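Asker: A single structure is presented below for examination.
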Amino acid sequence: MIVSLLYYALYPLSRYVTSRHWEGSKKGLPPAEVNGKAVWDGGAAVTTRRFTQCQTTLLDRGLSPSSGTKGETKESMKEPSPEKEDDASAVADEEQRVAVPHEETKNGAASTMSELESTLTEKEAERRNGLLQDRVEAPKQKVREITIHLVTQNTEEGIISPTGDIGPEKALGPQLECLQKEDKAQETTSSVQEKIKIPSAEESMTPAKTASEVTECWDEYVSPTADEMHGEVLSFSCLPSNTQSCLKLSGQQDTQASWHFPAGPGLAEEVQCPLWQFPAVSYYPPMEPTVPFEVMWRVWEEMAESATAAEPLPFTKASMDFTVMSYNILAQDLLEANPELYTHCPLEVLDWNCRCSLLLEEVQKWEPDILCLQEVQENHYHEQLYPVLSLMGYTCVFKRRTGTKTDGCATCYRRSCFSELSVTTLEFFRPEIELLDRHNVAIVLLLQPVVIQGSEAKAKGPSLCVANTHLLFNPRRGDVKLAQLAIMMAEIDSLVKSCKAKGEDCNLILCGDFNSVPRMPLYQLITTGELYFQGLPAWMISGQEDLSQNTHCHRLYAPLWPSSLGITDSCQYLTVKDMLKSQKSGKYQYSHDFIQQLRFCPAACVRPADLETIPGVTHNTPDASRVNQSYDKRFRHTISHQLDLESVYKHILPGFGNPEVTTLHSEGGATVDYIFYTPRRILTCDPNAGDFVSVGLKLIGLLSLLSEDVLWSMRGLPNHIFPSDHLSLLAKFQLDLNAA
């Protein structure tokens, strides 16, 4: 009883609340115009309600779409009853109702497209997000179900029109045509949305999308052809008129200045897009193809015109061009022993395999005819460098440092350009001399420039002496560096003298890491041929460090090295005839001049205890002044050499004024690597006849160096371009040839 009372009390109230809700929905939604009539989208609810009533009536009578059988159909067709006649009339009424849901379904679809254009607030979008899809899909689904139900019912009952001349197929014609039009309209709407990227109801109503995402509705747009655009205009006829105006694509597109597309919430805004041809798979126009370029950090500088093309043989005044490279390649053992110098470098650029590859690429790029390398690790030379350089046409000479160090120097030359006359390897370590206790080495080659055609040498040039060295690094031991340099200069001098004894000229190439900066005493000795060293601080010889703040420092005094070294202060070997004379008896006898040089040596100034005093003969004791005078005659306060040498590089960048650097690490940069050469000199043989003879080498080009700030902009040395903490030096020379 109580339940019945609650039912009769609450049911009207629920009906009232429901009707109020639908009325509010009608008020909040703008009407859509179809055929000039305003139709509310609330018709979807009416359709649903009518379908529910029809379905309930059919279910009450036991007629569902799936409940009928073939036997029942035949039986009903034989014996029609009054109840079935009532059912037939009910179906006829239902057929009339079918047109209304279909009309309402079209109105619902049209209203949906109209709502996409209207301006909606975020609150309305959220409220309609869940309802709009149901209103579009519900009428379609209901119409399909009603149609299936009617087909089944007509098949079972054999319903015929009142005239009796129309079959079940024609009776269902309006319903089937309605469904076909409905499906066609929906497919057309979907195709339009796909082609022009109109957001669907769910996409446009999603509040999570930002305004920028919503407005980009023209992305990946492909301009259609005229025929396609004509078809698009026809397909848009199913859309509301205001939507057609926004999406109208006419055949007069060529005269348009831009496309106009709807955008924003509800597609109420308009976006203008220029008539660009956008690719179908990209948001943006295709990028212009860029031409790959290489930053030329180092440039080749031409000093003079190179040699002219080869003249027909025999030569009258032919010349030969050749290039020389000097390169400290940084031994891997030294790199790993001093990691504090390379803290600024990425680990990958310190790997030997990476550095070796870059090194060989650099050699292959410049193709020097003579290659002088320093800090060449012995195992890397034999396993990697020598095999590749041999295949490139080089003949190589390697000299490892004495002591425990694993690196040394290597000098390579092209077999096609030079023939080898002599090879000399020098060791600066002399155990019997305290000054020369460092394990540095040098290589001195005597080469013959040749021009080979076929298997014969058609022309030869004057001898070329190529010296390669790596002097001591220690900035405080300038005296050791001078002694090492004197040993190498003496060897070069002996080769030059041997060539001149044969009536031939000899040009010089002196390469290496001298661990001395420009314009300092050691550099001055090489370029000027003379150095006054008396009283100079030892650190000043190389100038690598400024130690002037030290109150006590080692200074240089004559003699710099003992006479047992066999080298004079002119950086020349003492001849044997000046020191010794051999007799047939096998005994050695010192010459008068040699004994006279030793009369004031420290051993000669010590008076033997048993020496008898003879007035005027043995009663005198040498004083200090006479000792200095004696040493001045043997070893002066200056050292010199007879070689004419000049530096390839001028150590100042032209046009900038910044100093060049050849090496750089964490402690700074400096110029310590050099290529010295014998410059060309013009000699006059007969001024009246106008005969001139040129000797020496002509510098015609070089590879420019860099300043310290530029190297730091490249993250210092080594880096991904330069594999060593030194830069390679490269110069091109020209020498005169004589017909063979």
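Asker: For Glu432, Glu427, give the ranking by accessible area with the largest first, probe 1.4 Å. It would help to have the intermediate numbers written out before the result.
Answerer: Values: Glu432 125, Glu427 75 Å².
I get Glu432, Glu427, largest accessible area first.
Asker: What are the extents of the Cα atoms of the range 521-561 along their three principal axes, in Å, largest first?
Answerer: 31, 22, 13
Asker: Okay, moving on. Determine one quarter of the surface area of the Cα convex hull of the range 492-575, which equals its mean projected area, and express it in nm² to one decimal. Spell out each step's value before the answer.
Answerer: On the way: hull surface 28.2 nm².
The Cα convex hull of the range 492-575, projected and averaged over all directions, gives 7.1 nm².
Asker: P(r) for the range 374-430: what percent of alpha-carbon pairs falls in each 5 Å bin, starting at zero?
Answerer: Reading the bins upward from 0: 4, 18, 26, 22, 17, 9, 3, 1.
Asker: Where does each of Arg298, Arg438 land when they are ordered by accessible area, with a 1.4 Å probe and the largest first?
Answerer: Details: Arg298 15, Arg438 65 Å².
Ranked from most to least accessible, the order is Arg438, Arg298.
Asker: Here's another thing I want to ask about it. What net charge is computed for the residues neighbouring His382, neighbours being all others with C-beta under 14 Å from the C-beta of His382, Lys and Arg scored +1, Asp and Glu -1?
Answerer: The answer is -1.
Asker: Using 25 Å as the Cα-Cα cut-off, could you pick out the over-long pairs in Lys497/Lys698; Lys481/Lys732; Lys460/Lys497; Lys405/Lys481; Lys365/Lys497? Mind dumping the intermediate values first?
Answerer: Values: Lys497/Lys698 22 Å; Lys481/Lys732 28 Å; Lys460/Lys497 20 Å; Lys405/Lys481 18 Å; Lys365/Lys497 37 Å.
Pairs exceeding 25 Å: Lys481/Lys732; Lys365/Lys497.
Asker: While we're on this one: Along the Cα-to-Cβ line of Leu341, 7 Å from the Cα, sits a label point; which residues in the range 378-412 have backbone N less than 19 Å from it?
Answerer: 378-381, 400-410
Asker: Going highest first, how would you order 392-405, 661-674 by mean Cβ packing within 10 Å? Could the numbers behind the result be given before it?
Answerer: Numbers: 392-405: 16.5, 661-674: 20.4.
Ranking the peptides 392-405, 661-674 by packing returns 661-674, 392-405.
Asker: Rg and Dmax of the range 341-465, using alpha carbons, in Å: what are they?
Answerer: Rg and Dmax of the range 341-465, Cα atoms, are 17.4, 54 Å.
Asker: Using packing as a proxy for protection, rank 479-489, 413-423, 318-328, 550-560 so that the peptide with the highest average count of other Cβ atoms within 10 Å comes first. Don't skip to the end; give the middle numbers.
Answerer: Details: 479-489: 23.8, 413-423: 16.0, 318-328: 22.1, 550-560: 13.3.
Packing order, densest peptide first, comes out as 479-489, 318-328, 413-423, 550-560.
Asker: Okay, moving on. Using a 1.4 angstrom probe with every protein chain in place, what is the largest-first accessible-area order of Glu434, Glu660?
Answerer: Numbers: Glu434 170, Glu660 20 Å².
Solvent-accessible surface, decreasing: Glu434, Glu660.
Asker: May I pose another question? What net charge is computed for the residues neighbouring Gly696, neighbours being all others with C-beta under 13 Å from the C-beta of Gly696, Lys and Arg scored +1, Asp and Glu -1?
Answerer: -1
Asker: Bin width 5 Å, origin at 0, all Cα-Cα pairs of the range 430-479: what percent of pairs per bin?
Answerer: 4, 15, 15, 14, 12, 9, 8, 7, 7, 7, 2
Asker: Shape call for the range 438-520 from the C-alpha gyration tensor, a ≥ b ≥ c root eigenvalues: rounded (a/c under 1.5), prolate (a/b greater than b/c) or oblate? If you can, show how the numbers build up before the last one.
Answerer: Details: a/c = 3.18, a/b = 2.29, b/c = 1.39.
Cα axes put the range 438-520 in the prolate bin.
Asker: Moving on to the next point. Between Glu361 and Arg607, what's the calculated FRET efficiency when r is the beta-carbon distance and R0 is 56 Å? Round to 0.05. The partial results should precede the final answer.
Answerer: Details: r = 69 Å, r/R0 = 1.24.
My answer for the efficiency is 0.20.
Asker: Right, here's the next one. Send over a whole-number figure in Å² for the accessible area per residue of the range 444-517, probe 1.4 Å. Intermediate values should be presented prior to the final figure.
Answerer: Numbers: 2250 Å² over 74 residues.
Ligands and nucleic acids excluded, the figure is 30 Å² per residue.
Asker: For the range 416-559, build the convex hull from the C-alpha positions and give me its volume per residue in Å³. Walk me through the intermediate numbers first.
Answerer: Details: hull volume 19.0 nm³, N = 144.
Per residue, the Cα convex hull of the range 416-559 comes to 132 Å³.
The values are calculated or read from the model by the stated rules, or taken from the named source; none is laboratory data. The structure displayed is predicted, hence computed values, not measured ones. Heads up, the Cβs are rebuilt from the backbone with ideal geometry, glycines too, and the neighbour counts pull from every protein chain shown. Surface areas here come from the heavy atoms of the whole protein model, side chains and all, with no ligands, DNA or RNA. Shrake-Rupley method; radii C 1.70, N 1.55, O 1.52, S 1.80 Å.
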